[in-house]
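K.L.:
The structure's right below; bear with me while I get my questions together.
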Amino acid sequence: MSDSMVQASEERKTGSGPARNAAVRSRPVRPRGLSGAVDVPGDKSISHRAIIMGGLAVGETKIEGLLEGEDVHRTAAALRALGADVRRHGAGSWSVRGCGVGGFGEPDDVLEMGNSGTAARLLLGAVASTRLTAFFTGDASLRSRPMQRVVDPLSQMGARFLSRGGSRLPLAIVGAADPVPIEYRPPVASAQVKSAVLLAGLNCPGRTTVVEPHPTRDHTERMLRHFGATLTVADEDGGRRITLEGQPELEGREVVVPGDPSSAAFPLVAALIVPGSEITLRNVGLNPGRAGLFETLAEMGADITMTDRRDAGGEPVADLVVRAGRLRGVDVPAERAPSMIDEYPILAVAAAVAEGRTRMRGLAELRVKESDRLGGMAEGLAACGVAVAVEGDDLIVDGGRRIAGGATIRSRLDHRIAMAFLTLGMAAEEAVSVDDASPIATSFPGFASLMNGLGAAIEGV
Ligand code: S3P
């Protein structure tokens with residue numbers, strides 16, 4: 001991590017306020033629109049998993065296209081502390097020499113997860129079935145997020161925890177000396193919970209099963225197979241039953257990380273809402289468990305052409321050609337939420353421009369992301385002059401009217417809130433500012449320069 005990244009994330013961690021000079025402003029883009037072709041950064045979910053599985057494998061794993069954001073650096077540092085040899089060879093090019101399943105050593109210091117819920121929950125799973133004691137903490141955002149959802153199943157598997165109220169970080173985990181495989185039905189649709197149980201199941205004798213109520217992203221399942229684990233997946237009552245054979249020997253592999261659809265979503269929506277735009281986004285991951293935004297935008301009338309569909313490292317990818325045009329409001333069903341859970345902030349921005357009402361249903365999980373995204377989007381959109389309401393767990397946006405902008409939005413330690421409002425600024429009448437844009441480095445380093453290269457006007461204030 002660079003010194004400025006460390007400083008920014010340390011300031012966030014200690015809650016000492018926004019990193020200095022981290023406020024930025026996004027001015028309206030007129031009259032030419034956005035244009036050009038770009039690669040979006042590597043997929044965050046897949047990058048975490050590539051390093052973790054590399055650390056659990058025997059031999060060398062080579063990774064290309066790794067996301068070099070703060071969150072993934074946290075996972076890399078944790079794997080080093082657990083005994084893996086994690087090296088960077090060049091931009092996005094990394095290798096991991098792992099410890100083998102059950103081979104992690106006890107870390108001699110606290111594992112700092114920064115802003116990353118994925119790092120925290122997956123790594124708790126990965127260490128839960130190994131006889132060691134580890135301490136986990138994170139920044140002010142992560143320390144407020146629920147960990148009970150992984151503590152429950154991992155306790156059933158034999159791990160013990162010591163934590164403060166609500167099982168929030170900081171917490172200590174004592175991995176099970178004699179781990180037991182379980183069959184677990186997560187009460188919430190969560191790829192992180194599923195992944196934590198499966199990773200813990202690796203060092204259990206026998207079969208570990210997760211029955212998920214709604215299918216969630218399946219990067220863990222794909223990658224476990226890629227590394228040599230035996231896994232069966234069957235449809236069950238609209239969800240999925242996933243069974244892992246315990247104690248496999250995972251072998252180091254090559255992993256090619258596709259571009260992150262959740263990061264691509266920001267330039268994509270920017271090009272849709274700034275009149276006159278036409279851009280190309282190369283190598284965007286299209287895992288069906290991540291594709292809800294594309295489905296929703298198609299219903300809204302978005303002009304997106306997917307070209308050169310192909311396979312990259314076991315994941316479907318394509319290049320996307322995106323053109324601005326009229327969008328219309330839609331009703332987004334709650335069942336779609338797991339496949340676009342990270343995309344609601346930017347969808348709400350598209351909805352502000354679309355004509356008519358967009359109702360996004362069943363967003364309870366948004367309240368426990370890096371910030372309360374339901375509250376944050378409603379507050380920020382209203383401050384920009386957009387007609388917005390929260391009814392129960394639904395977000396309702398009446399779009400197509402004048403978007404005044406001219407507001408400063410609190411990013412709340414949340415990268416996607418920051419990027420969503422900087423995108424809105426491109427289509428508003430007055431610039432939109434974000435008080436602290438430093439969290440963007442967790443998932444999309446270089447966001448402002450990539451957007452400005454396409455013709456946006458994002459600047460420090
Ligand atoms: C992720 C799963 C999602 C998502 C997060 C990444 C993953 O969280 O919001 O950004 O990599 O498994 P939940 O599983 O909590 O929904």
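K.L.:
Can you tell me which of Pro275, Pro215 is assigned to a loop (DSSP other than H, G, I, E, B) and surrounded by fewer than 19 Cβ atoms within 10 Å (Cβ to Cβ)?
P.N.:
Details: Pro215 fails: surrounded by fewer than 19 Cβ atoms within 10 Å (Cβ to Cβ).
Checking each option against the conditions leaves just Pro275.
K.L.:
Could you grab the pairs with beta carbons closer than 7 Å, sequence gap of 6+ or different chains, first residue in region 173-191 and polar (S, T, N, Q), second one within 14 Å of the ligand (Cβ to nearest atom) and not in a loop (DSSP other than H, G, I, E, B)?
P.N.:
That search, which allows pairs on different chains as well, returns Ser190/Arg149.
K.L.:
What single numbered condition from (1) more than 16 Å from the ligand (Cβ to nearest atom); (2) assigned to a loop (DSSP other than H, G, I, E, B) fails to hold for Asp311?
P.N.:
So the condition that Asp311 fails would be (2).
K.L.:
Next question. Looking at region 29-48, which of its residues are of a type outside the set (Gly, Ala, Ser) and assigned to a loop (DSSP other than H, G, I, E, B)? Walk me through it before giving the result.
P.N.:
Taking region 29-48 first, the residues of a type outside the set (Gly, Ala, Ser) are 29-32, 34, 38-41, 43-44, 46, 48.
Of everything in region 29-48, those that are of a type outside the set (Gly, Ala, Ser) and assigned to a loop (DSSP other than H, G, I, E, B) turn out to be Val29, Arg30, Pro31, Arg32, Leu34, Val40, Pro41, Asp43.
K.L.:
Looking at region 250-308, which of its residues are polar (S, T, N, Q) and either away from the ligand (no atom under 16 Å from the Cβ) or out of contact with any strand residue (DSSP E or B) (no Cβ under 7 Å at 6 or more places or on another chain) (or both)?
P.N.:
Ser262, Ser263, Ser277, Thr280, Asn283, Thr296, Thr305, Thr307, listed by residue number.
K.L.:
Where residues in region 172-210 are of a type in the set (A, V, I, L, M), closer than 17 Å to Thr133 by Cα and outside any helix (DSSP H, G or I), which of them is nearest to the ligand (Cβ to nearest atom)?
P.N.:
Top of the filtered list is Ile173.
K.L.:
Take region 91-142 and flag every residue that is charged (D, E, K, R) and touching a residue at least 60 places away in the same chain (Cβ under 8 Å).
P.N.:
Taking region 91-142 as the starting set, the residues that turn out to be charged (D, E, K, R) are 97, 106, 108-109, 112, 121, 131, 139.
Hits for region 91-142 are Arg97, Glu112, Arg121, Asp139.
K.L.:
Continuing with this model, one more query. Among the residues of region 94-109, which ones are farther than 19 Å from Glu251 by Cα and surrounded by 14 or more Cβ atoms within 10 Å (Cβ to Cβ)? Before the answer, list the steps.
P.N.:
First, the residues of region 94-109 that are farther than 19 Å from Glu251 by Cα: 106-109.
Glu106, Pro107, listed by residue number.
K.L.:
Also: How many residues does region 211-239 contain that are away from the ligand (no atom under 16 Å from the Cβ) and acidic (Asp, Glu)?
P.N.:
Matching residues across region 211-239 total 3.
No lab work stands behind these numbers, since they all come straight from the coordinates. Note that the coordinates shown come from a computational prediction; the quantities given were computed from them, not determined experimentally. Don't worry about glycine lacking a Cβ; one is built from the backbone with ideal geometry, like all the others, and counts go over all protein chains shown.
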